[in-house]
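Heads up: the structure comes next, in structure tokens.
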Amino acid sequence: RSFPALDRLATVDLLHSGRWLLLVGLTPAAARFIAGVLVTHLASAATFGYVEAARVVGQPVYVLQMGLAAVFTPGLLKAGSERAAGLASRLSFPFKALLSAGALLYLLAVSFAWPLNPLPRLLPSAYVVTWAIPLTILALLLQGILHPARSELMGAGQAPKLLRLEIVSSSLLCMVAATAPLTGVLAVPIGWVIQGSAGLWLFERARSRI
């Protein structure tokens, strides 16, 4: 189904809403940067290198999320702006189902070294720590499942609230990353999972109150 183009915003309105959306986008990115700095300094640069190698293996889940987002986001924004719970449910369910199915199949295919998995030969450093890849894929799945609720909140003009929720969930990532001297490579993947889980609960709770 196609959706009509949204009304053109005046420059003043665009600047007003855009500043909040900019901060919403920057907050999790800043948290990932801080987490990387913490792991590098509290553990080692090599430790963070293993984290990044696992993240590269998990990137197809993010690519799938972005592809689905290109299709579903216009409708989710419309659902949020019109407070149309029925439309939101009809769009969010297939988004989550397709993303979950793709991520779980990919997790089974690449999480561990086995004869038909070529990635251990291409990126051997990603497989040094056993649970780094499964946790990273799970974290990317959780972050992707957040997208429908995030889009609805944006469409409903709830960007300031969305920013507060992003700050809370992103802070958890930084706190877990600070455990790197104890948890090593798994500090960031575990932090991502906790960030995604907390964000999912917070965003869905906020979405239900639109």
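Some observations on this one:
- Highest mean packing first, where packing is the average number of other Cβ atoms within 10 Å per residue, the peptides 116-127, 194-205 line up as 194-205, 116-127.
- Here is the P(r) of the chain: all C-alpha pair distances, binned every 5 Å from 0, give 1, 8, 14, 17, 18, 15, 11, 8, 5, 2, 0, 0 in whole percents.
- One chain, two ends: LEU182 and TYR62. Fully extended at 0.36 nm per residue, the span grows by 40.4 nm beyond their Cα-Cα distance.
- Based on protein heavy atoms only, the chain ends up with 53 Å² per residue of surface accessible to a 1.4 Å probe.
- Hz values of 3J(HN,Hα) by residue in the range 91-100 - Karplus curve (6.51, -1.76, 1.60), Gly and Pro given as x: 8, 6, 5, x, 4, 5, 5, 5, 5, 5
- Its relative contact order, with pairs defined as Cα atoms under 8 Å and 6+ residues apart, puts the chain at 32 percent.
- Packing-based ranking, highest mean first, of 43-52, 82-91 given that Cβ atoms within 10 Å are counted: 43-52, 82-91
- The stretch between LEU105 and ARG90, if pulled fully straight at 0.36 nm per residue, gains 3.1 nm over its current Cα-Cα span.
- Whole-percent carbon and sulfur share, accessible surface of the chain, 1.4 Å: 70
- Applying 0.36 nm per residue to the separation of ALA113 and PHE33 and subtracting their alpha-carbon distance, the gain on full extension is 25.9 nm.
The values are calculated or read from the model by the stated rules, or taken from the named source; none is laboratory data. Since the structure is predicted, the reported quantities are computational estimates derived from the model, not experimental observations. Counting neighbours? That spans all protein chains shown, and the Cβs are built from the backbone with ideal geometry, glycine included. For the accessible areas, the whole protein counts, side chains as well, though only heavy atoms, and no ligand, DNA or RNA atoms are used. Shrake-Rupley method; radii C 1.70, N 1.55, O 1.52, S 1.80 Å.
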